[in-house]
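**Student:** Sharing a structure below in structure tokens format, with a few things to ask.
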Amino acid sequence: MITEYVTVWAGTAPGEGAVLMSAPNRPTSVAPMIVFSPAQCVGYIAFVLGVTAFLQRLDWKLKAFNASESVAYAVHFFLLGNPAASASSLIASVRSTLAIKLRSPVLAMLLILVTLGAGACVARSWTDWIPVIASCIATYAVFLMTGIQLRLAFLVCTLLWLVNNILSGSIGGTALETTIGLANGTTIIRLLRAPRLLPDGTRVGTT
């Protein structure tokens, strides 16, 4: 009984984790095993890295922490049995690393095509395309956007990943995307309020 409970929660199919929570005949004594399972623990590591990333005001630091978070996410979703999200995360890590030094539209399109190709190979249902779409948007953003525009695009990606994580039964991932949304939104507000210099040298905005 306990083995079945943990296996279903681990995300053998999209949505099973959410269904499991309302099943009246499932034992509740295994909840600590679920919360501290290897898959979920890796998700907590991704949580810490992700929150740290979106608290950064410098783009290169944002991308560096985002690359580290994506590696943890790839392992996390692999253990949860979501290959589409795992593949998208792994490609995202490479993308964020390259984007620290490179800003190439050609490279962006190449990575988007690789992400779509990987999704076509491993996607098993329409829900598997949610993280793939999020990864494609993020790829365009990290190579071709900066500042507030970059973070707004990431905010859209956050909402897509949040849906994916709920369907996958990811505890840390759901907490991560919720917190990232708040942290990213806070950083966007800080950037909007930061003083800026106009071409004529006039300072506008408030701190």
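Yes/no matrix, rows are residues, columns are (1) among the polar types (S, T, N, Q); (2) modelled with pLDDT of 90 or more; (3) in contact with a Pro (Cβ under 7 Å, 6 or more places away or on another chain):
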site: G119; (1), (2), (3): no, yes, no
site: T127; (1), (2), (3): yes, yes, yes
site: P131; (1), (2), (3): no, yes, no
site: A134; (1), (2), (3): no, yes, no
site: L144; (1), (2), (3): no, no, yes
site: R151; (1), (2), (3): no, no, no
site: F154; (1), (2), (3): no, no, no
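**Student:** Given the condition within 19 Å of the chain's Cα centre (by Cα), at pLDDT below 80, closer than 19 Å to A92 by Cβ and among the aromatic types (F, W, Y), answer yes or no: does some residue in the stretch 36-49 qualify? Please lay out each step first, then the result.
**Tutor:** If we filter the stretch 36-49 for residues that are within 19 Å of the chain's Cα centre (by Cα), which is where we start, we get 38-49.
Next, from what is left, pick out any that are at pLDDT below 80: none.
There is no residue in the stretch 36-49 that is within 19 Å of the chain's Cα centre (by Cα), at pLDDT below 80, closer than 19 Å to A92 by Cβ and among the aromatic types (F, W, Y).
**Student:** Mind listing just one residue for me: the one in the stretch 48-71 that is basic (K, R) and touching a residue at least 60 places away in the same chain (Cβ under 8 Å) and, of those, nearest to T186 (Cα to Cα)? Walk me through how you get there before you give the answer.
**Tutor:** Step one: filter the stretch 48-71 for residues basic (K, R), giving 57, 61, 63.
Imposing the further condition that a residue be touching a residue at least 60 places away in the same chain (Cβ under 8 Å) reduces the set to 57, 63.
On the way: R57: 11, K63: 17 Å.
The extreme case among them is R57.
**Student:** Residue by residue through the stretch 95-128, note down the ones that are touching a Gly at 6+ places or on another chain (Cβ under 9 Å) and surrounded by fewer than 19 Cβ atoms within 10 Å (Cβ to Cβ).
**Tutor:** First, the residues of the stretch 95-128 that are touching a Gly at 6+ places or on another chain (Cβ under 9 Å): 127-128.
Correct list: T127 only.
**Student:** Against the definition (farther than 30 Å from F36 by Cβ, over 13 Å from the mean Cα position of the chain (by Cα) and small (G, A, S)), how does G147 come out, yes or no?
**Tutor:** Numbers: farther than 30 Å from F36 by Cβ: yes; over 13 Å from the mean Cα position of the chain (by Cα): yes; small (G, A, S): yes.
So G147 fits the description; yes.
**Student:** Next question. Within the stretch 106-116, is even one residue under 22 Å from F78 (Cβ atoms) and among the small types (G, A, S)?
**Tutor:** No: zero hits.
**Student:** Within the stretch 184-207, how many residues turn out to be of a type in the set (G, A, S) and either surrounded by fewer than 10 Cβ atoms within 10 Å (Cβ to Cβ) or at pLDDT 80 or above (or both)?
**Tutor:** The total comes to 2.
**Student:** Suppose we filter A92, A67, A74 for residues that are buried (at least 24 other Cβ atoms within 10 Å of the Cβ), under 17 Å from the mean Cα position of the chain (by Cα) and at negative phi; which single one remains? Full working, then the answer.
**Tutor:** Working: A67 fails: buried (at least 24 other Cβ atoms within 10 Å of the Cβ); A74 fails: buried (at least 24 other Cβ atoms within 10 Å of the Cβ).
The match here is A92.
**Student:** From the list W126, W161, which residue is touching a Phe, Trp or Tyr at 6+ places or on another chain (Cβ under 9 Å) and among the aromatic types (F, W, Y)?
**Tutor:** Values: W126 fails: touching a Phe, Trp or Tyr at 6+ places or on another chain (Cβ under 9 Å).
Being touching a Phe, Trp or Tyr at 6+ places or on another chain (Cβ under 9 Å) and among the aromatic types (F, W, Y) holds for just one of W126, W161, which is W161.
**Student:** Moving to a separate point now. Mind checking whether some residue in the stretch 162-182 is small (G, A, S) and modelled with pLDDT under 85? Before the answer, list the steps.
**Tutor:** The initial filter retains those residues of the stretch 162-182 that are small (G, A, S), namely 168-170, 172-173, 175, 181.
Keeping just the survivors that are modelled with pLDDT under 85 gives none.
No, every residue in the stretch 162-182 fails to be small (G, A, S) and modelled with pLDDT under 85.
The values are calculated or read from the model by the stated rules, or taken from the named source; none is laboratory data. Being a predicted model, the structure only gives us computed values, none of them experimental. Reconstructed Cβ throughout: ideal geometry from the backbone, glycine too, with neighbour counts over all protein chains shown.
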